[in-house]
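Rule-based calculations on the coordinates, nothing more; no lab input. Keep in mind the model is a prediction, meaning the values are calculated, not measured. Glycine also receives a Cβ, built like all others from the backbone with ideal geometry; neighbour counts cover every protein chain displayed.
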Amino acid sequence: RQRGVDAPETIVRRNGDLPPVPGGILDAAGEVIAPDPAMLPPDELDFHQLWLSPALLFGQTCWGPMELGLARHVQVIAQPNYDAFEGGQGELYSSALVMAADGGSSAASPQDGKAVISLDLIRGRRFIFNSPDSMSGLIALTRDLEAMGESLDIFASRGESGGHRSSIVAIAEGRADIAAIDCQSWALAQRFEPAARGVKVVGWTARRKGLPYITARTTPASLIAAMREGVAAVEGGASEQPLVQRVG
């Protein structure tokens with residue numbers, strides 16, 4: 001607000017918090033790309049609906065959805081800085097491959113940022129991922145396996161959990177064997193999710209660009225510039241690691 005941005009008073013936490021869009025959300029060509037948020041279950045939260053909202057001022061997404069089409073409908077404001085997390089370096093992050101703890105030590109993130117994946121260890125395991133369009137939970141591992149001449153067929157089964165935290169819990173409870181968890185989510189899980197004590201890191205995906213902060217495609221350039229100045233100010237005032245990498 002100090003930089004002239006008409007920031008909302010509340011943060012969207014449910015579909016019911018999204019402003020209605022009669023007739024549905026349209027793309028630049030006038031085609032409907034998402035239904036009116038008012039038609040969605042009010043107490044749930046559809047992230048894709050949030051990202052596509054013409055009223056989106058500031059949000060965060062994943063490069064999985066961006067590569068699958070979201071990038072055409074939004075603008076990137078900035079990239080988070082992952083220096084504070086093992087597996088991160090600047091705007092790049094990697095995912096920890098986690099399995100049930102067996103008393104052994106966890107695998108450290110490699111200095112060179114390249115993938116560390118033991119094919120013999122993961123072969124025939126039950127793989128669980130957060131979402132089909134997740135770069136950190138599925139796409140990155142898929143690409144790393146393909147670079148090694150393998151595929152997701154290396155696993156005995158694949159299942160969707162709905163979230164990184166749920167994947168960790170599933171492994172700790174014995175319902176799955178392995179998951180890929182982005183390094184920031186893994187750091188948070190170790191602090192706040194008791195089930196994380198029942199799993200350990202057995203490998204890492206290669207480093208890739210992290211989760212971008214985005215705004216609607218219709219957000220004026222002046223507002224984007226102001227938000228970039230705002231996140232830069234937050235970075236400058238950080239007492240520890242910087243929060244963001246500016247874009248543009």
(request) Report which label in (1) 126; (2) 138; (3) 153 holds the value of volume of the Cα convex hull per residue in Å³ derived from the coordinates of this structure. (result) (3)
(request) Enumerate the calculated ³J(HN,Hα) couplings along segment 75-86 in order (Karplus 6.51 cos²θ - 1.76 cosθ + 1.60, θ = phi - 60°), each rounded to whole Hz, writing x wherever the residue is Gly or Pro. (result) 10, 8, 8, 6, 10, x, 9, 9, 4, 6, 10, 4
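Would you mind ranking E160, E31 so that the residue whose beta carbon has the fewest other beta carbons within 10 Å leads the list?
On the way: E160 15, E31 9.
By the 10 Å Cβ count, ascending: E31, E160.
Provide the net charge surrounding N15, with neighbours chosen by a C-beta distance below 9 Å and charges set as Lys +1, Arg +1, Asp -1, Glu -1. Display every interim value, and only then the final one.
Numbers: positive: R14; negative: D17, D43, E44, D46.
Every neighbour counted, the sum reads -3.
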(request) Starting at the first residue of segment 88-105, write each ³J(HN,Hα) from the Karplus equation 6.51 cos²θ - 1.76 cosθ + 1.60 with θ = phi - 60°, in whole Hz, x for Gly and Pro. (result) x, 7, x, 7, 9, 9, 9, 10, 7, 8, 10, 9, 4, 5, 10, x, x, 7
